[in-house]
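K.L.:
The structure's right below; bear with me while I get my questions together.
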Amino acid sequence: MARIAGINVPPQKHAVVALTSIYGIGRTTALKICDASGVKPDAKIKDLSESEIEIIRGEVGKYTVEGDLRRTLSMN
């Protein structure tokens, strides 16, 4: 099971849909991440290699997601 931004993303879903399970990433951002990492949006997470998942982790790291985003929103 792939773990991105501290979240276990569903392995049976397409990359663009699986990325939306991360708090702070919607459909548009997921498409941008797929384009920037060179991963096809319709590729399933279970079919991606470890190096492709690592590239996706790097791209997701450029955004404020999960705990940091929740903390920022609660402080505002």
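K.L.:
Determine the gain in length on full extension of the stretch D68-K44; use 0.36 nm per residue of separation and subtract their C-alpha separation, reporting nm with one decimal.
P.N.:
Gain in length upon complete extension: 5.9 nm.
K.L.:
Dipole of the chain (Lys/Arg Cβ +1, Asp/Glu Cβ -1, origin at the Cα centre): which of V39, Y23, M75 lies farthest to the positive side?
P.N.:
Farthest towards the positive pole: M75.
K.L.:
Given +1 on the Cβ of Lys and Arg, -1 on the Cβ of Asp and Glu, and no further charges, what dipole in debye does the chain carry about its Cα centre, rounded to the nearest 20?
P.N.:
240 debye
K.L.:
Could you give the accessible area per residue of the chain, probe 1.4 Å, as a whole number in Å²?
P.N.:
61 Å²
K.L.:
Could you work out the helix-only [θ] at 222 nm for the chain, with each DSSP H run of four or more residues adding -39,500 (n - 2.57) and the total divided by the number of residues, to the nearest 500 deg cm²/dmol?
P.N.:
-13500 deg cm²/dmol
K.L.:
A further question follows. With Cα extents along the principal axes in Å defined as stated, name the option among (1) 39, 22, 19; (2) 34, 25, 21; (3) 30, 27, 20 computed from the structure displayed.
P.N.:
(1)
The values are calculated or read from the model by the stated rules, or taken from the named source; none is laboratory data. Because the structure is predicted, anything quoted here is derived from the model rather than measured. Positions of Cβ are backbone-derived with ideal geometry, glycine not excepted, and every protein chain shown enters the neighbour counts. Keep in mind that these areas ignore ligands, DNA and RNA; they rest on the heavy atoms of the full protein, side chains included. Shrake-Rupley method; radii C 1.70, N 1.55, O 1.52, S 1.80 Å.
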